[in-house]
Amino acid sequence: ASRGRGDVYKRQHLYGQLAHTKDGLELLLKEQSLADMIKLLTNLCCSSVSYGAGKNNPNIFGTGRNITVNKDQWIKVKSAIWGVAHVSSSSIGATWVDKQNGICAIIRIAENCDVYSLRGTAFYALGLVATNKVGCQVLSSYGWCCLRYCRNEQLPVLEDWYQQQTSNSINESS
């Protein structure tokens, strides 16, 4: 029997569901666990955090520094990445997490972590951040290409980029 092409959905996460409402986010903020997760991620990425994100301060955690994580910390770091990313899957959650530098920390882990399973987890988690407009804007401000489409829309080729690439290759061959 052949299987048809089906949809795949991510499982719901308590933090992500709570963060979709103002009251739910306030409840999360009363608990210390979310703040502890963000603190773990930001401490992993930098020794001193200067607040303010995006275009104004794109290298908030510095560049070129590899992030090393002890093997006994891997589960804690992965849990923190998932918790923070699920909260960031809502616009109000992404706004708050960005102010705490949580999204920037996940980006740094995705780009610079020595442990590839953590790097992959962070990269996949950034897909959750990109599920809302605020999250896309934050990712774009850090130099990550971020486009949002509905489920049934055809994804277009970026025509300006394509024309630039083809004109560059034509000019180089001349």
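With 20 Å as the limit, write out which pairs from Lys22/Lys78; Lys99/Lys133; Lys30/Lys133; Lys39/Lys99 have Cα-Cα distances beyond it, or answer none.
Listed pairs above 20 Å: Lys22/Lys78; Lys30/Lys133.
Skipping prolines and chain starts, which residues have an amide H placed within reach, meaning under 5 Å, of the one on Cys113, given they are 5 or more residues away or on another chain?
Residues meeting the criterion, in which the H sits 1.01 Å from N, are Ile67.
Could you please put Asp36, Asp72 in sequence from largest to smallest accessible area, using a 1.4 Å probe?
Reading off the accessible areas and sorting them downward yields Asp72, Asp36.
Under 10 °C and 1.306 mPa s, how fast does region 78-153 diffuse according to Stokes-Einstein, given a Kirkwood radius computed over C-alpha pairs? Answer in µm²/s, whole number.
In µm²/s, the coefficient rounds to 131.
For region 25-40, just list the computed ³J(HN,Hα) in residue order, Karplus coefficients 6.51, -1.76 and 1.60, θ = phi - 60°, integers in Hz, with x standing in for Gly and Pro.
Running phi through 6.51 cos²θ - 1.76 cosθ + 1.60 with θ = phi - 60° gives 5, 4, 4, 4, 5, 5, 7, 7, 5, 5, 4, 5, 5, 5, 4, 4 Hz.
Subtract the Cα-Cα distance of Thr95 and Thr21 from 0.36 nm times their separation in residues, and report this length gain in nm to one decimal.
25.4 nm
The values are calculated or read from the model by the stated rules, or taken from the named source; none is laboratory data. This is a predicted model, so every value here is computed, not measured. Areas reflect the complete protein model, heavy atoms only, side chains present, ligands, DNA and RNA absent. Shrake-Rupley method; radii C 1.70, N 1.55, O 1.52, S 1.80 Å.
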